[in-house]
1. With a Förster radius of 22 Å, plug the Cβ-Cβ distance of Ser180 and Leu93 into 1/(1 + (r/R0)^6) and report the FRET value to the nearest 0.05.
2. May I ask you to compute the full-extension gain from Glu108 to Gln70, defined as 0.36 nm times their residue separation minus their alpha-carbon distance, rounded to one decimal in nm?
3. Which ³J(HN,Hα) values in Hz, rounded to whole numbers, follow from the phi angles of segment 76-81 under the Karplus curve 6.51 cos²θ - 1.76 cosθ + 1.60, where θ = phi - 60° and Gly and Pro get x?
4. Over segment 73-196, what is the relative contact order in percent, taking alpha-carbon pairs closer than 8 angstrom and at least six residues apart?
5. I want to check the label-to-label distance for Glu168 and Lys119. Put each point 7 Å from Cα in the C-beta direction and report it in nm to one decimal.
6. Would you mind classifying segment 80-166 by shape? Square roots of the alpha carbon gyration tensor eigenvalues, ordered a ≥ b ≥ c; an a/c under 1.5 is rounded, otherwise it is prolate if a/b is larger than b/c and oblate if not.
Amino acid sequence: MRQFVLVTLLASIVACATPGKDTAIGAGAGAGGGALIGGLAGGWEGAAIGALAGGLVGGAIGNYLDKQQQELQQISDARRTESGLLLNLRSSLVFTKDSAVVQPAAVEELARLGDILAKYPQDRIRIEGFTDPSGSPARDEALSLRRAEAVRDILASRGVGPRQMLVEGAGATQPIGDNSTTEGRAQNRRVAIYIDVPQQS
């Protein structure tokens, strides 16, 4: 047991020496998980092999996300989630009321975003559209889906693979602004873009 813990700690320390905070976290978690699985399967030798393999996989995923987040941060608000990245456009107005036409400033941001995402063909991208609560739930859901589709089409025009992208409409759920104000409703007419960690890294 003492040897198993030692392997886990050593692998985590090595992982934390890799560049990037998120890389270190990914490698440490991978090392710990790999050591646990390996230890159950093959005792001391299994724990050692599992820790090294898990650390390499976790570190690779962390490196992948570190690099991508740094690029995306230049043009969007990109933050880490449990499974990857969440992007929100910096444009204060993405859609006007009752419209699925992307506003010019947001089109420019999405074009630049698409140029970056096209370099990561392993990404799995979920585009979720939202509305303010101006219409019925069914109408808002349909409008929000059209908004997500409009964003998908812009990204696809910049080289992002259509099969990488999934679109969803969430209607007026999950507001980020105060729907009792004009400014808040404008903030809620938006899209959120989720990037999942590749299945193979």
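1. Details: r = 18 Å, r/R0 = 0.82.
Here the calculated transfer efficiency is 0.75.
2. Gain on extension, Glu108 to Gln70, equals 11.8 nm.
3. Ordered by residue, 3J(HN,Hα) equals 8, 8, 10, 9, 6, 10 Hz.
4. Values: 267 pairs, mean separation 42.0, N = 124.
Here the relative contact order equals 34 percent.
5. 2.8 nm
6. Values: a/c = 1.87, a/b = 1.55, b/c = 1.20.
Taking the square roots of the gyration eigenvalues as a ≥ b ≥ c, segment 80-166 is prolate.
Each reported figure results from applying straightforward, stated rules to the coordinates on display, with no laboratory input. Everything quoted here is computed from the prediction, not taken from an experiment. Every residue, glycine among them, receives a Cβ derived from its backbone with ideal geometry; neighbour counts consider all protein chains shown.
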